[in-house]
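The values are calculated or read from the model by the stated rules, or taken from the named source; none is laboratory data. Values in this document were obtained by computation on a predicted structure and should not be read as measured data. Note that we place each Cβ from the backbone using ideal geometry, even for glycine, and neighbour counts take in every protein chain shown. Ligands, DNA and RNA are stripped out before the accessible areas are found, and what is left, the full protein with its side chains, is counted by its heavy atoms. Shrake-Rupley method; radii C 1.70, N 1.55, O 1.52, S 1.80 Å.
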Amino acid sequence: MNNNFSTSMPRVSIERNDMHASLKDPVLGAISFLNEIMDHYPNAISFAPGAPYAGFFDEIDVGRYLKRYSQYLTEERRMSKSQIRKRLYQYGPSKGEINGLLADALRLDEGIDVTPESIVVTVGCQEALLLVLKALCSTPNDLLAVVNPCFVGVVGAASVLNVPTVAVNETKDGLDWQDLVRVCHSARAQGQRIRALYVAPDFSNPSGSSLDMECRSRLLEFAETEDFLLLEDNAYGFTASYGNALPTLKSLDKNARVIYFGTCAKICLPGVRVGFVVADQLVVEGTHKYGILADELAALKSMVTVNTSPICQAIVGGMMLEHGGSLAAVGKPKGAFYQRNLGLLLAALERYVGPANGIDRVSWNVPSGGFFVCMTLPVEVNAQLLQDCAAEYGVLWTPMRHFYLDGGGNNQLRLACSYLTADDIDKGIQRLAHFLRDRCAASPVALGNVLS
């Protein structure tokens, strides 16, 4: 940040200690930190961003999608040209414009049977997270549990909203059930309650982990027993290999226990910033049925972003209509590309890293989908190590400590494969192997920070 400014004019000073405490939360600076590193080393091969592959943008024809959606409004909704212009160019309803198409796609793709009224279309999934946490957590005694390590977006949203968070540890097989029980019992003993648990059952960010079928069923039962909601983030489910996708928690949900978050950023294109949330929970006031949660979220949204861009929604709607109304069909070729990239990344790690290559005490997980692989090193993984790796070896990655609530991940890094070409993945892992060979083969005395 540039702190140099002219003092020739009087200027009001704002004491930082009088500003919201979340502005000092390190999680809010994690993304900016990575962007600064990438900008500083533009020639480094970057495994840091979990962004969609830019090569897909060459196929995007915004005009065609808008025309297809306009045709749908003409033929299916019997709207005139003036009505369509007003629909797309004016402020739109807070709940959204393409709710019906999304409801049909969820039914077709995921077996999730919900009404269009139970969906709120948001400015990316991030807004959906903010709205849901704001609506659900009314007192400091309402806690958000998150699977640790966790996507920084939900932790940052909770910090901005003063929602206390508690961590539930992840294991190689999914959730640490004993830890989840402990967290629930501990909260209750202190007069608090777990209001919701945020979980990404399919190829989570950052670890790439997934929940098996037994774990999904058990989690739904446990949430019912303990009376908390499940916040299911399904950003990466479309990358499952053909025929191996597991049912979402929401499709297994019989009692509206799950609030489901979706995004069109990775399936369609990130620039439209279109996400959505399925919130079909009944809202009551005493014995009076007041409505559904989606209505409350729309009311909040009207005071935050007013509405999600109708034109951006129309672009997504047009893409879906071109693919038979299916989001899964839009995402299928992209999911196959990411599945290929993940395979290339894992194969390159096997080829270039390990004892046979003079690299000891380095390990990594083997996700079956998603964008990410988590690697464990025998040295402390910090900002200085990342900078050294970028400057001396020309390769970037993300320290995992950004994703832990409790100071964990100090010897782990995240590799993202979505952003890169096959050639860059191979070259990047060769560079990473060179870095690991130099750093991890060094003696503990020379390193000074080898973990015991």
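Rolling a 1.4 Å probe over the heavy atoms of the protein chains gives the stretch 1-145 an accessible area of 62 Å² per residue. For the chain, the dipole from Cβ point charges (+1 on Lys and Arg, -1 on Asp and Glu) about the Cα centre works out to 940 debye, to the nearest 20.
Taking Lys and Arg as +1 and Asp and Glu as -1, the other residues whose beta-carbon sits under 14 Å from that of Pro355 total +1. Here the stretch 109-151 exposes an accessible surface that is 56 percent carbon and sulfur, computed with a 1.4 Å probe and the other protein chains kept in place. Our coupling estimate for the stretch 286-299, obtained by passing each phi through the Karplus curve with A = 6.51, B = -1.76, C = 1.60 and θ = phi - 60°, is x, 9, 8, 7, 8, x, 10, 4, 4, 4, 5, 5, 5, 5 Hz, Gly and Pro reported as x. Beta bridges assigned by DSSP with both partners in the stretch 107-231 are antiparallel in approximately 15 percent of cases. Let me know the longest stretch in the chain that avoids all chymotrypsin sites (Phe, Trp or Tyr not before Pro) found in a DSSP loop with at most 13 other C-beta atoms within 10 Å. Between the exposed loop sites, the longest stretch runs 243-452. For Val166, the residues 5 or more places off, or on other chains, whose built amide H falls under 5 Å of its own are Leu144, Ala145, Val146.
Taking every DSSP beta bridge that has both ends in the chain, the antiparallel portion is near 55%. Residues whose amide H comes within less than 5 Å of that of Leu420, counting only those at least five positions distant or on another chain, are absent (H built at 1.01 Å from N in the peptide plane). Taking C-beta distances below 4.7 angstrom as the pairing criterion, name the unpartnered cysteines of the chain, in sequence order. When partners are defined as cysteine Cβ atoms under 4.7 Å apart, the chain leaves Cys125, Cys137, Cys150, Cys184, Cys215, Cys312, Cys374, Cys389, Cys417, Cys440 without one. Ligands, DNA and RNA left out, the 1.4 Å accessible surface of the stretch 289-388 is 60% carbon and sulfur atoms. Using only Cα atoms and rounding to the nearest 10 degrees, what angle (0 to 90) does helix 62-75 make with the longest principal axis of the chain? Tilt relative to the chain: about 30 degrees.
Amide H contacts of Ile292 (H built 1.01 Å from N, in plane; Pro and chain starts excluded): Val283 sit under 5 Å, all sequence-distant by 5 or more or on other chains. 3J(HN,Hα) couplings calculated from phi for the stretch 258-265 with the Karplus curve 6.51 cos²θ - 1.76 cosθ + 1.60 (θ = phi - 60°) are, in sequence order, 10, 9, 10, 10, x, 9, 9, 4 Hz; Gly and Pro show x. Taking P(r) over Cα pairs in 10 Å bins from 0, in percent as calculated from this structure, the corresponding entry among (i) 4, 17, 24, 22, 15, 9, 4, 2, 1, 1, 0, 0; (ii) 5, 22, 33, 26, 11, 2, 0, 0; (iii) 4, 19, 28, 26, 16, 6, 1, 0 is (iii). Rounded is the label for the stretch 356-444. Its Cα gyration tensor axes, ordered a ≥ b ≥ c, give a/c under 1.5.
Could you tell me whether the stretch 52-195 comes out rounded, prolate or oblate from its Cα gyration tensor? Rule is a ≥ b ≥ c as square roots of the eigenvalues, rounded for a/c under 1.5, then prolate if a/b exceeds b/c, otherwise oblate. All intermediate terms of the calculation are to be shown ahead of the outcome.
Working: a/c = 2.63, a/b = 2.14, b/c = 1.23.
Cα axes put the stretch 52-195 in the prolate bin.
Estimated at 0.36 nm per residue, the fully extended path between Tyr242 and Thr376 surpasses their Cα-Cα distance by 45.3 nm. Taking all protein chains into account, the per residue accessible area for the stretch 304-375 stands at 37 Å² (1.4 Å probe).
Karplus-based coupling profile of the stretch 113-122, in residue order and whole Hz: 9, 9, 7, x, 5, 8, 10, 10, 8, 10, with θ = phi - 60° in 6.51 cos²θ - 1.76 cosθ + 1.60 and x standing for Gly or Pro. Lys427: which lysines have alpha carbons under 30 Å from its alpha carbon, excluding same-chain residues fewer than 8 sequence positions away? Output for Lys427: Lys172, Lys266, Lys332, Lys334. Computed from Cα positions, the angle between helix 99-110 and the longest principal axis of the chain comes to roughly 50 degrees.
Calculated mean residue ellipticity at 222 nm for the chain: -12500 deg cm²/dmol, from DSSP H runs with n ≥ 4 weighted as -39500 (n - 2.57), summed, divided by the residue count and rounded to 500.
Placing +1 on the Cβ of every Lys and Arg and -1 on the Cβ of every Asp and Glu, with no other charges, gives the stretch 309-363 a dipole of roughly 40 debye about its Cα centre.
Net charge near Val304, counting Lys/Arg +1 and Asp/Glu -1 over other residues with Cβ under 11 Å of its Cβ? Numbers along the way, then the final one.
Details: positive: Lys134, Lys301; negative: Glu127.
Combined, the nearby Lys, Arg, Asp and Glu give +1.
Bridgeable lysines around Lys289 (alpha carbons under 25 Å apart, same-chain partners fewer than 8 residues away excluded): Lys95, Lys134, Lys250, Lys254, Lys301. Each other residue within a Cβ distance under 12 Å of His402 adds +1 if Lys or Arg and -1 if Asp or Glu, for a net charge of +1.
Classify the stretch 266-312 as rounded, prolate or oblate, taking a ≥ b ≥ c as the square roots of the eigenvalues of its Cα gyration tensor: rounded when a/c is under 1.5, otherwise prolate if a/b is larger than b/c and oblate if not.
prolate
Rounded to the nearest 10 degrees, the angle from helix 327-352 to the longest Cα principal axis of the chain is 10 degrees.
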